Amino acid sequence: MLKSSINAEAKKKGKSRAICRYISEKYASQGNIKLYGINPLEKASIEQWIEAESQSFNPPLGSLSKEKLAKVLDVYDRRLGESRYLAGDDFTLADLSHLPNAQYLVNGTDVGELFTSRDNVGRWWEEISSRESWKKVVEMQSSSFPKS
């Protein structure tokens, strides 16, 4: 039973990424036109980082030890030393896809310092998690769950 629940959740999350891609494509002219890239090379880079997120952060710390997470974040730190965001100098779906699980890891576990202690990852995290739209999501989530 547990295995089927995990598989169902994995399928749902995989579908949510597909839904994000679809919405980004369909409504590109009504928002951030570069959210899913404007050419095949940008889209490929965005896809690489979405895949990295799905392999490294989904589920958060599921099979990823603190040591492995540190190594993953070292790769991210090098990349973010070359560009403002993961897939280049514009905020894209690559960055957006990291927000939910990174939010949990930074604020809901004991590994937050692995993000914030790295210069480039810390800068990137501060920038993407400070977006007004993301702050509204966090606020809505906080008000949806009863305080213990």
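Bear in mind these aren't lab numbers, they're just calculated from the coordinates by the rules spelled out. Please read all numbers here as calculations on a predicted model, not as lab measurements. Glycine also receives a Cβ, built like all others from the backbone with ideal geometry; neighbour counts cover every protein chain displayed.
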At what distance in nm do the modelled label points of SER130 and ASP110 sit from each other, each positioned 7 Å from its Cα along Cα→Cβ?
2.9
Calculate the FRET efficiency for GLU139 and ASP89 from the Cβ-Cβ distance with a Förster distance of 25 Å, rounded to the nearest 0.05.
0.35
Positive end of the charge dipole of region 2-144 (Lys, Arg +1 and Asp, Glu -1 on Cβ, about the Cα centre): tell me which of THR109, SER130, GLY81 has its Cα farthest that way.
THR109
Of the GluC sites (Glu not before Pro) in region 29-100, those whose Cβ has at most 10 other Cβ within 10 Å and which sit in DSSP loop
GLU82
Value of Rg to Rh for region 2-144 (Rh from inverse mean 1/r over Cα pairs, i.e. Kirkwood)
0.95
Projected label distance in nm at ASP74 and GLN30, using a 7 Å step from Cα toward the beta-carbon:
4.5
Between LEU41 and TYR22, what is the spin-label point distance in nm, taking each point 7 Å from the Cα along the Cα→C-beta axis?
3.1
